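Presented below is the structure to which this report refers.
The values are calculated or read from the model by the stated rules, or taken from the named source; none is laboratory data. In this text, all values refer to a predicted model and were calculated from it rather than measured experimentally. A quick note on method: Cβ atoms are made from the backbone with ideal geometry, for glycine too, and the neighbour counts reach across all protein chains shown.
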Amino acid sequence: MTKLRYVKGNITNIVGGKTKVFANEIEISSNKNINYHAPKHSYGEPEGPPKKVSKTRVKEIELLTPLDDGSKNDKSGGLQLGFVFGKAYQFKIKSFTNGAPVATSLIKWMIKYHSPAQNKWIETPLNVKGDNVKITLNEKEMCGRFVSVRAYIDDPETEGELKKWKHNRFRWFDRMLVEEEINDRTDNKKPWLVNQSGTSLCGMACIFYLFAKDQPQAYKKFAKELFRTGEATFNKYTVKPSIDVLNKQPFINGILNDKQFPWHWKLINNVSVKMYMPLIDYITMAGTRNTDNPSYKGGNEEFQAINWPPLMTKLSEEFLGYKDITSKGVYNPVKPLIYTKYAIDVRIENINNQIRNGYSLILMIDADLIDDVWDTGSLDLHWVVLESEIKEVQMLNKNGQIEYELDFSVYTWGTSPFESKRYLKKPISKHHFMNNYNGYVKIK
């Protein structure tokens with residue numbers, strides 16, 4: 001719009017305050033003098049024109065799409081309603097302060113939440129306008145946070161707002177229980193609590209035991225991020241489980257969902273009790289195995305859960321960040337059943353040398369090696385972490401004769417390798433060891 005003003009005489013403007021003129025371009029032409037009279041004057045950067053203030057504001061927003069259940073996160077076993085990652089929600093303006101605006105296109109929308117990763121409030125204007133909009137909540141950083149959806153005409157801070165909880169990606173898992181388990185494995189220095197429970201994830205258990213033991217703060221950050229957002233990266237490896245794992249429900253109405261969620265028996269006061277797999281161990285271990293092998297869906301798929309040697313070396317390097325990794329032996333299906341004393345001594349000395357040289361050793365064994373049985377008719381491959389040198393101890397056999405047996409400490413099955421209740425209850429014979437030992441992965 002152009003405004004022209006022609007005069008043949010003088011123009012005098014008298015004001016009591018400031019005079020401001022807003023225009024893209026100002027042109028003043030005169031055949032004679034132009035005089036400005038003021039006690040003082042100044043020039044500065046151009047200012048924007050004053051905003052046109054609407055006569056009405058957004059007062060209330062309503063959500064038309066039903067919310068979904070998830071954990072209440074207070075150790076009660078209860079549920080709460082909330083947004084779910086990736087789902088589209090329909091929002092509508094419920095009321096205005098002074099009637100509807102002249103055009104619904106004046107109504108803008110914004111989302112606000114606090115980001116733990118960035119430790120700041122995030123305000124995201126949306127590319128939608130109108131009094132009825134659909135918003136897909138597919139930003140993972142919003143998970144496990146309260147999310148404010150705002151609709152406004154002039155001021156997002158004072159107009160319509162709807163604040164709702166957005167579930168963690170593992171929405172059926174109680175955050176308070178998860179964080180307790182993380183703290184036990186890190187701050188309370190009990191990484192051995194990592195437990196594969198009733199799964200074939202023994203290799204994953206060894207990986208996360210070493211992670212929590214050797215790099216507790218990195219483990220804590222990784223575990224919390226994976227639980228909350230459903231995706232986490234450490235070093236060169238990203239864990240991003242499928243919806244099958246993310247949506248697993250450990251409990252239904254406060255009762256263990258033993259048809260779908262891993263569990264194991266535990267003897268408490270001489271009574272066998274069903275115990276659920278620790279939640280953070282399921283999140284980290286099942287999540288990692290599913291990332292590498294999507295056919296494992298976090299249930300009772302025993303074969304798909306198995307952790308083969310190439311995966312163990314890959315995770316040791318790309319995930320845990322070890323630089324020196326060697327696999328030796330690992331599995332020989334046609335190994336002999338009888339060994340000479342020399343062969344036994346050489347094998348054990350080789351293992352002990354790795355420990356002395358500062359390596360962590362993940363042993364592949366038959367599970368009979370650390371049990372009180374030797375079942376030659378079955379094969380139960382199992383990964384454990386060796387936590388001591390293998391030592392000869394003098395024992396008396398049932399005939400009262402002196403024999404030398406082997407004693408050592410291993411991490412396995414959520415049991416401390418250093419306490420009296422360690423998994424290997426008593427020393428074993430050398431032949432028992434050799435016939436149930438397959439090899440190792442050494443890492444440093």
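What residue, among those in the stretch 284-307 that are within 22 Å of T326 (Cα to Cα) and touching a residue at least 24 places away in the same chain (Cβ under 8 Å), is surrounded by the fewest Cβ atoms within 10 Å (Cβ to Cβ)? Ranking the qualifying residues of the stretch 284-307, first place goes to I306.
Being buried (at least 19 other Cβ atoms within 10 Å of the Cβ) and in contact with a helix residue (DSSP H, G or I) (Cβ under 9 Å, 6 or more places away or on another chain), is that true of even one residue in the stretch 148-164? Yes, the stretch 148-164 has at least one match. The set of residues in the stretch 432-444 being part of a helix (DSSP H, G or I) and under 15 Å from V384 (Cα atoms) consists of F433, N436. Given the condition at pLDDT 95 or above and over 22 Å from V410 (Cβ atoms), answer yes or no: does some residue in the stretch 304-314 qualify? Yes, the stretch 304-314 contains a residue that is at pLDDT 95 or above and over 22 Å from V410 (Cβ atoms). For the stretch 296-311, the set of residues classified as of a type in the set (D, E) and either closer than 18 Å to C206 by Cα or not in a loop (DSSP other than H, G, I, E, B) (or both) consists of E302 only.
Looking at N307, N290, N300, which is the one that is assigned by TED's automatic domain parsing to the domain that holds S242, polar (S, T, N, Q) and in contact with a Leu (Cβ under 9 Å, 6 or more places away or on another chain)? Just a single option satisfies the conditions, and that option is N307.
Across the stretch 91-107, what is the total count of residues that are crowded, with 17+ Cβ neighbours inside 10 Å and closer than 16 Å to V128 by Cα?
4
The set of residues from the stretch 290-303 being at pLDDT 90 or above and at negative phi comprises N290, T291, D292, N293, P294, S295, Y296, K297. Taking the stretch 224-295 as the region of interest, the strands (runs of 3 or more DSSP E) fully inside it that hold 3 or more residues being among the hydrophobic types (A, V, I, L, M, F, W, C) are 263-268, 271-276.
Exactly one residue out of L369, L361 is at pLDDT below 95, in the same structural domain as W413 (by TED's automatic domain parsing), touching a helix residue (DSSP H, G or I) at 6+ places or on another chain (Cβ under 6 Å) and among the aliphatic types (A, V, I, L, M), and it is L369.
Yes or no: the stretch 252-267 includes at least one residue that is within 30 Å of H114 (Cβ to Cβ), out of contact with any Ser or Thr (no Cβ under 8 Å at 6 or more places or on another chain) and touching a residue at least 24 places away in the same chain (Cβ under 8 Å). No, that holds for no residue.
Does Y209 qualify as being hydroxyl-bearing (S, T, Y), in a helix (DSSP H, G or I), more than 27 Å from R145 (Cα to Cα) and assigned by TED's automatic domain parsing to the domain that holds L311?
Criteria met by Y209.
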